[in-house]
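Input: a single structure, listed below in structure tokens.
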Amino acid sequence: MKLKLKLFCSIIIPIAIYGCETRTVRVDDSRRLATFGTKLLRRIAGIKYVDLFSNAHLFKRLQYNTTILNRARVQQLRWLGHVQCMCNDQLPKIAFGGHIHGSCLRGRPSKRWKENFSDCKLTGLLRMVHKREQYSQEIHSFVRREAPRRPLRVG
């Protein structure tokens with residue numbers, strides 16, 4: 001089971017969250033990603049869905065303390081740190097801070113990547129961007145504190 005868990009962490013998770021740094025993660029996407037991760041962890045542990053085994057017990061049994069969503073959030077925060085450290089004339093920094101002028105289509109505007117980080121708690125985190133080791137440690141603690149306690153539901 002330990003070997004399967006190592007393969008899951010080193011192969012499956014990177015494939016599942018590939019490119020998540022630059023992608024906007026919607027509620028539906030995060031729900032599907034969380035479901036995918038727990039399904040695979042149940043399969044690794046040999047627990048069937050009908051066994052009524054909670055996800056908290058599953059993580060405790062496998063001694064696995066993070067989710068795919070947390071790993072994706074860490075990747076996004078790392079990329080945000082890189083963007084914040086870039087010069088003002090580089091394209092990712094321009095795209096992150098820029099606004100598109102013109103008229104919009106009818107309906108609700110789609111979620112932008114910048115809106116993933118609209119938390120007011122991020123301001124303290126972004127102040128320490130230039131201290132790389134401290135920023136990296138703070139990212140992990142921030143994600144652990146802000147992790148959703150229950151799965152996200154659409155409705």
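Which one is nearest to residue 40 (Cα to Cα) among residues in the stretch 61-84 that are of a type in the set (D, E, K, R) and surrounded by fewer than 16 Cβ atoms within 10 Å (Cβ to Cβ)? By that ranking, first place goes to 61. For the stretch 18-65, which residues satisfy the criterion of being without any contact (Cβ under 8 Å) to a residue 40 or more places away in the chain, closer than 26 Å to residue 77 by Cβ and assigned to a loop (DSSP other than H, G, I, E, B)? Correct list: 18, 19, 63, 65. Scanning the stretch 27-42 for residues that are at pLDDT below 90 and either under 11 Å from the mean Cα position of the chain (by Cα) or at positive phi (or both) returns 29, 30.
One residue alone among 36, 8 is aromatic (Phe, Trp, Tyr) and under 30 Å from residue 112 (Cβ atoms), and that residue is 36.
Residues considered: 41, 52, 58. Of these, the only one that is of a type outside the set (Phe, Trp, Tyr) and buried (at least 18 other Cβ atoms within 10 Å of the Cβ) is 41.
The set of residues in the stretch 86-113 that are of a type outside the set (S, T, N, Q), in contact with a helix residue (DSSP H, G or I) (Cβ under 9 Å, 6 or more places away or on another chain) and either over 30 Å from residue 39 (Cα atoms) or modelled with pLDDT of 85 or more (or both) comprises 86, 87, 92, 93, 95, 96, 97. Return the residues of the stretch 95-126 that are surrounded by 12 or more Cβ atoms within 10 Å (Cβ to Cβ) and over 19 Å from the mean Cα position of the chain (by Cα); say none if nothing qualifies. Passing the criteria: only 95.
Of all the criteria given as (1) at pLDDT 85 or above; (2) closer than 24 Å to residue 10 by Cβ, the one not satisfied by residue 66 is (1).
The values are calculated or read from the model by the stated rules, or taken from the named source; none is laboratory data. Quick caveat: nothing in here was measured; it's all calculated off a predicted structure. Counting neighbours? That spans all protein chains shown, and the Cβs are built from the backbone with ideal geometry, glycine included.
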